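Worksheet: one structure, shown below.
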Amino acid sequence: MAANVYASATDGGSGGDSAQTRSGTGVRTAGSTIDCPDVGSKLTSVPEQARGEVDKELALLDEQIAKAYQRLSESAQQVRQDSGFADNAIMNPLKDKRAAVLERIAIAIDRVGDRPEGLDALAACTVRDSGNQAPAPGEGQDGDGGQAGNGPVAADFAPITSVQPGAGSPRQGTKASRGSFATGCGVNANGLFNSDNIIAAPGVTNGAHHFHDYVGNQANNAFAGDQDLANAETSCVDQGDKSSYYWPVLRLQNGSQEQDANSPGGGIEGNTGEIVTPKQVTLTFVGNPREKVTAMPRLLRIITGDAKSFVNGPANANASWSCTGFEDRQLKDKYPLCPRGSDVVRTFKFQSCWDGRNIDSANHRTHVAFTDAAGTCPSGFRPIPQLVQRIVYDVDAPSLEDGGRTTPLFAVDSFPEQQHKPVTDHGDFINVFDEDLMREMADCINDGRKCGAGAEAEPGDDPEGEPQEQPTKTPGAPQEQPTRTPDAPQGGNAGGKPGDTGDGDGGKDDGGKGEAAEPPATNKPAPEPEQPEQGDSPTTAPRTDEPEVFATPTPEGGTANAGEQDGSKDDAGDDTDDLGRSQAVGTATSAAPTPSLPSRTEPQAVGSGGLADTGAQLWPAAAGAVLVIAGFVVLRRVRRG
């Protein structure tokens, strides 16, 4: 019996206008992209025994699209000379190679279950107009196409002040779970990056085709097993939270070269410019407006948003862009232009309903779900703590009138064909909380309390509720410098800061700024000490840090690549159109670090003196007392005489 798991052969393909240019005569490669049916999102049922093989084949489909897009973007002259070039040299070979991969997927599933139907109909792809105007030759980022010519463009930005405030959160019922649990895991100041994706492409180097920031678990790469994650170090203040939190990096399109400028996942695939370190990251778990929550199962995996939503359409998109002071206004398909003194904010509200059985699913979506508008989970699902991830960047509104020449454009990393569109923003989470701590989280939320080691780092309100009052940044005002801790974790992975020679200092000659990564911090001024509420967990006061950018200026006539990776060869060795098989199995993109994190300590006594200082202060007082007593003795003897 064959199982048909696809609603339509082309469902979810193009997310754009029906009048967009398709492959064939008239195709315009300068502003074009490749639109392929997303097989992974439709493959909702895969037997567990076939899951690993299928995941690797799905990752190969992504690599084939990336290589085809690269060829298309380099073939403007050939297409102008020959209208059939795109079809004959790129799209038809791509279709043939996709058909071979889809057949292998069908065979893998057929060995242990029912062979899926309709796979062959998903092989064909089209070329469509991206809406991006590529820069003229030699124009670089000054054109309307970003540093790499494939986005972002001026139309991808909008003033946050032009957005109407949202309706806010659903009304809470009498059984609502009103508490929150915050965990502080830093801002990835130690520069832990790679272009893997352990959830969507386990065991595949460069499975994401774009770089991620990682906080929390420090062993996260494509080859990390469950035990590796459980045994790893964590950047979180509470060492009971070894969860992995990751998202695409944000880059400034300013002409600088990062450490991945000539590497897969980086410049080779159009992800260019300085990687910006967040100014602040808050990770808060909240309750359900209708019911009590149940603890998350250990190793639960959640992907929110859709990295391919530009061509897939908005069905699974979950991007939210805003500015500090305006977080009641959210943009879904535009980057925000923030007023002076306001910072860019990315917010992810993860799925908060679980099917009660699975920690993952074939398409990484069907085991979790969102609530409806009233806050109710779908039938058969139960509420779990909802992760609300808020990432703040100190970046200025770009100068759109000159294509970012005066103030650079910014964009998140993306799959090459997704054109760095803001709607493709997404976040990933793997629950590696200690099980007792996870139960404490659920109890705290159900009891209506505020708990967690990062509780004081919470934003002051709902990200989509009333706006927060924000301090205004004064141009030229002195900035508070972070204090480095001697036992802070060292370095990042092999793809860390530019110039990193493996000694953990990032290769910087900046008076010690790059010598050690920061300890976990929430980057918010420390409030006055308060007594925790009854039952609350102790909190740790965060510090204020300036954001860092990990980049080196482009040298004249050369590159600044610090660790070139070779990921462009086909394993068959004879693939003339460069759309062949992937390096599906091999070594990790970068070695996972195991930094020595500072351990939690008991609160220290107020004051700066030790025992020696105290003794030094007591000696003068003691001597004075002796003299006073001697004086009294002499006086009494004089009186008696």
Ordering of 442-454, 379-391 by packing [mean C-beta count within 10 Å, highest first]
442-454, 379-391
When the Cα centres of region 303-320 and region 35-107 are compared, how far apart do they sit, in Å?
19
Per residue, how much accessible surface does region 113-271 expose to a 1.4 Å probe? Answer in Å², no decimals.
30
Once you order the gyration tensor axes a ≥ b ≥ c over the Cα atoms, which shape class does region 336-412 get: rounded for a/c under 1.5, otherwise prolate or oblate by comparing a/b with b/c?
prolate
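Leaving ligands, DNA and RNA out of it, report the carbon-plus-sulfur percent of the accessible area of region 184-237 at a 1.4 Å probe. The partial results should precede the final answer.
Values: 430 of 960 Å².
The value for region 184-237 is 45 percent carbon and sulfur by accessible area.
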Carbon-plus-sulfur fraction of the accessible area of region 255-367, 1.4 Å probe, in percent?
48
Between residue 171 and residue 407, Cβ-based FRET efficiency (R0 30 Å, step 0.05) works out to 0.10
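Quick check on region 269-309: take the gyration tensor over C-alpha atoms, sort the square-rooted eigenvalues as a ≥ b ≥ c, and tell me if it's rounded (a/c under 1.5), prolate or oblate.
Prolate, since a/c reaches 1.5 and a/b exceeds b/c.
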So if each residue of separation counts as 0.36 nm, and I subtract the Cα-Cα distance between residue 77 and residue 104, what length gain in nm does that give?
6.2 nm
Theoretical gain in end-to-end length, residue 340 to residue 164 [0.36 nm per residue, Cα-Cα removed]:
61.4 nm
Label-to-label distance, nm, for residues given as residue 178 and residue 239 (7 Å Cα→Cβ offset)
3.6
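For region 311-454, what does the accessible surface come to per residue with a 1.4 Å probe? Please give it in Å².
On the way: 4640 Å² over 144 residues.
Normalised by residue count, the accessible surface of region 311-454 is 32 Å².
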Can you compute the modelled spin-label distance between residue 88 and residue 372, with each label point 7 Å from Cα toward Cβ, in nm?
5.6
Simple spin-label estimate for residue 154 and residue 49 in nanometres, 7 Å along Cα-Cβ
6.0
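Would you mind putting 59-65, 429-435, 419-425 in packing order, based on average other-beta-carbon counts within 10 Å, highest first? Please report the intermediate quantities before stating the final value.
Details: 59-65: 25.4, 429-435: 21.3, 419-425: 27.3.
For the peptides 59-65, 429-435, 419-425, the packing ranking is 419-425, 59-65, 429-435.
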Compute the length gained on full extension between residue 120 and residue 228: take 0.36 nm times their separation in residues and subtract their Cα-Cα distance, giving the result in nm to one decimal.
35.1 nm
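The values are calculated or read from the model by the stated rules, or taken from the named source; none is laboratory data. Note that the structure is predicted; figures quoted are calculated from it, not measured. Don't worry about glycine lacking a Cβ; one is built from the backbone with ideal geometry, like all the others, and counts go over all protein chains shown. We work out accessible area using only protein heavy atoms, side chains counted, and drop any ligands, DNA or RNA first. Shrake-Rupley method; radii C 1.70, N 1.55, O 1.52, S 1.80 Å.
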